[in-house]
Amino acid sequence: MRIGVDSNVCEAHGQCSVVDMDLFPLDDDGYSAVGPDATVPEGEEDVARIGVESCPVRALSVLEQE
Amino acid sequence: MTGAIADDLLTAQASADPYAVFDALRREDPVHWSGPHRAWLVTRYADVSAAFADKALSNDRVRPVLAKQREERERNENQHGARRAEAGGDDGRPASASERVLALMSGWMVVSDPPVHTRLRKLAAGAFKGQRIAVMDARITALVDELLDGFLRGSGEQDLISEVAYPLPATVIATMLGAPPSDRDLFREWSDELALVAFGTGGAARAERHERALRGLNEMDAYFRGLVAQRRAEPGEDMLSAMMSTDESDTQTSRDGLSDDELVAMCALLLFAGHETTTNSIANATLALLRDPAALAALREDPSLLNTAVEELLRYDGPIKVINRWVVAETELAGRTILPGERVHLVLASADRDPDKFADPDTLDLTRSPNPHVAFGKGIHACIGAQLARMETRIAVGRIVERLPGLALAREPVWKDALASRSMETLVVTH
């Protein structure tokens, strides 16, 4: 599974990081630092999905299910 | 800007309906110096957002108060020729009960900046993450149903806050920390005492309550120390055990576990931060639905609305009106120069009604999506318990709506005169 953030959309709500700060790291200003294309470690797909859905401005997306 | 703009958020009128006051501030003077509060009131969504990201606005706001208090005490002691050793011990332990509690609070991650904040936050986040969602969901549902069983046994006018919304979160936190269920009531008392101390006393009349609260918090301190010792000897699956464990696989972030002092402070913080806020979320959400029969009916009809409904209810009348920042460097907000040493009140409840961000902000729209409200704050300090708070609110509101089909408001609620929280004294209903 791969996830990514659209940095133009991210508003630094930090809600993804509340779900899992390892899968969804923030930069110093609170914006998502997950990058445009990140691979989710095996077994963490469910948490990743919850994190993506937690974004209140839909800046995060699942790029590829596995 | 008019000179007569209402900027005292602590009048009875402003407590009952702060949104009219916020509206005027947002329109007329969105970054406003309030004489009554001796602080800047920031009321627009864009400015609140910018403030969250501004490093000149620090969360490190208890330590300066503590330092000042210590300095004053030491000055007094020197003046009176008292020896430090007699007053407070010469081992650096604070002397007064008030100083001891402030010292405890000054260790909270919520009043820290990076890098102190980063380490505490990572440990607490790891502990939250270790709690299995399905298990928590089942546990909270059982607790809500137990409280509603009791509520349904009563008849006539009853207070939904004291019966349901208030006891739930303290019990959830007690359970998550691994405390025995028989100690629930203690958690509720300490939570009240923490709130009293953290939000100030509001005058001499309450000084006695303040003293009592401080004594209560000393008991809390001793209780948490006992719990920490127990869990160190016999770790469980609770959050407390998780926060003391070391994770050797993660050398990068030095997850070295928390010291006893840090664990006690963290327990107190989780209780303080997770209790009244969640009570308010549940109570304010229920009130908003009672005032909007069409929305209430829609939610009863279609429980799948619950997820977006909870976000909208948090936006519409969330648990926190104001959070503070302490200015540590000169900065600018909406053209106003803010100076070091000043205080800034970020008015979350106003930002969440800003028409520049939300269409029809004063309308409760349970299907609103996206819904980028700031009820949980933003950025690196965004409420770490947000997912738990959402779960508690979703389950409680869902079960209230489902199990109390005849729910009706019995009396107009009275709002507490509180700056930080949006909080009712009681929510008296019939069912």
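Compute the longest continuous run of chain B that contains no exposed trypsin sites (Lys or Arg not before Pro); treat a site as exposed when its DSSP state is not H, G, I, E or B and it has at most 11 other Cβ atoms within 10 Å.
Details: sites that count: B:Arg38, B:Arg83, B:Arg132.
By the stated rule (loop sites, at most 11 other Cβ atoms within 10 Å), B:133-431.
Please express the shape of the protein assembly as shown as an equivalent ellipsoid: the semi-axes are the square roots of 5 times the eigenvalues of the C-alpha gyration tensor, given largest first in whole angstrom.
Details: eigenvalues 207, 160, 144 Å².
The three semi-axes for the protein assembly as shown are 32, 28, 27 Å.
Using only the alpha-carbon atoms of chain B as identical scatterers, what base-10 log of I(q)/I(0) does the Debye formula give at q = 0.08, 0.09, 0.11 Å⁻¹?
The Debye formula, applied to the Cα set alone, gives -0.47, -0.60, -0.91.
222 nm [θ] for the protein assembly as shown, helices only, -39500 (n - 2.57) per DSSP H run of 4+, per residue, to 500? Could the numbers behind the result be given before it?
Numbers: 19 runs with 239 residues, N = 497.
After summing the helix terms and dividing by the residues of the protein assembly as shown, the value is -15000 deg cm²/dmol.
Any lysines with Cα under 26 Å of the B:Lys129 Cα? List them, leaving off those in the same chain fewer than 8 positions away.
B:Lys378
What number does the range B:331-383 give for Rg over Rh if you use C-alpha atoms and the Kirkwood radius?
Ratio value, two decimals: 1.05.
Give me the distance in nm between label points sitting 7 Å out from Cα along the Cα-to-Cβ direction at B:Ala298 and B:Ser245, one decimal.
4.4 nm
Efficiency by 1/(1 + (r/R0)^6): what FRET value for A:Arg2 and B:Glu208, r their Cβ-Cβ distance, R0 = 60 Å, to the nearest 0.05?
0.50
Plugging the Kirkwood radius over Cα pairs into Stokes-Einstein for the range B:155-201, at a temperature of 10 °C and a viscosity of 1.306 mPa s, what D comes out in µm²/s? Please list the in-between numbers first.
Numbers: Rh = 11.8 Å.
Answer from the Stokes-Einstein relation: 135 µm²/s.
Can you pull out the GluC sites (Glu not before Pro) in the range B:372-431 whose DSSP state is coil and whose Cβ has at most 14 other Cβ atoms within 10 Å?
Passing both the DSSP loop test and the Cβ count: B:Glu425.
Accessible surface of B:Thr175 in the full protein assembly, 1.4 angstrom probe, to the nearest 10 Å²?
50 Å²
Filter the GluC sites (Glu not before Pro) in the range B:204-238 down to the DSSP loop ones having no more than 15 other Cβ atoms within 10 Å, then list what survives.
Hits after loop and neighbour filter: B:Glu237.
Per residue of the range B:414-424, what does 6.51 cos²θ - 1.76 cosθ + 1.60 with θ = phi - 60° give for ³J(HN,Hα)? Whole Hz please, x for Gly and Pro, Karplus curve as stated.
For the range B:414-424, the Karplus curve yields 9, 8, 6, 7, 10, 7, 6, 10, 9, 9, 8 Hz.
What length, rounded to one decimal in nm, is gained on full extension from B:Arg225 through to B:Ser96, with 0.36 nm per residue of separation minus their alpha-carbon distance?
Stretched fully, the B:Arg225-B:Ser96 segment lengthens by 44.5 nm.
Taking a probe of 1.4 angstrom, what is the accessible area of B:Cys383 in Å², to the nearest 10?
Using a 1.4 Å probe on the heavy atoms, I get roughly 50 Å².
Enter the mean projected area of the convex hull around the alpha-carbon atoms of the range B:274-376, in nm², rounded to one decimal.
That works out to 7.8 nm².
Under unit Cβ charges (Lys, Arg +1; Asp, Glu -1), what dipole magnitude, rounded to 20 debye, does chain B have relative to its Cα centre?
Dipole size: approximately 480 debye.
Can you pull the percent of the protein assembly as shown's accessible area that's carbon plus sulfur, 1.4 Å probe, other chains left in place?
Carbon and sulfur atoms account for 50 percent of the accessible area of the protein assembly as shown.
Can you find, among A:Ala12, B:Ile5, B:Leu168, the residue farthest towards the positive end of the dipole of the protein assembly as shown? Put +1 on the C-beta of Lys and Arg, -1 on that of Asp and Glu.
Final value for the positive-end residue is B:Ile5.
Just to confirm my numbers, what's the Cα centroid distance between the range B:143-194 and the range A:25-65 in Å?
35 Å
Counting just the Cα atoms, what span does the range A:2-64 cover along each of its three principal axes? Round to the nearest Å and put the largest first.
29, 19, 18
Would you work out which of A:Val57, A:Leu23, A:Thr39 lies farthest towards the positive end of the dipole of chain A, given +1 charges on the beta-carbon of Lys and Arg and -1 on that of Asp and Glu, about the Cα centre?
A:Val57
From the protein chains alone at 1.4 Å, what is the descending order of accessible area for A:Glu45, B:Glu99, largest first?
A:Glu45, B:Glu99
What FRET efficiency comes out for B:Asp60 versus B:Asn218 if R0 is 22 angstrom and r is the Cβ-Cβ distance? Round to the nearest 0.05. Intermediate results must be reported in sequence, preceding the final value.
Values: r = 25 Å, r/R0 = 1.13.
So, using R0 = 22 Å, E works out to roughly 0.30.
Treating the beta-carbon of each Lys and Arg as +1 and of each Asp and Glu as -1, no other charges, what is the dipole magnitude of the protein assembly as shown about its Cα centre, to the nearest 20 debye?
1020 debye
The values are calculated or read from the model by the stated rules, or taken from the named source; none is laboratory data. Note that this is a predicted model, so its numbers are computed, not measured. Counting neighbours? That spans all protein chains shown, and the Cβs are built from the backbone with ideal geometry, glycine included. Please note that ligands, DNA and RNA were not included when accessible areas were found on the heavy atoms of the full protein model with its side chains. Shrake-Rupley method; radii C 1.70, N 1.55, O 1.52, S 1.80 Å.
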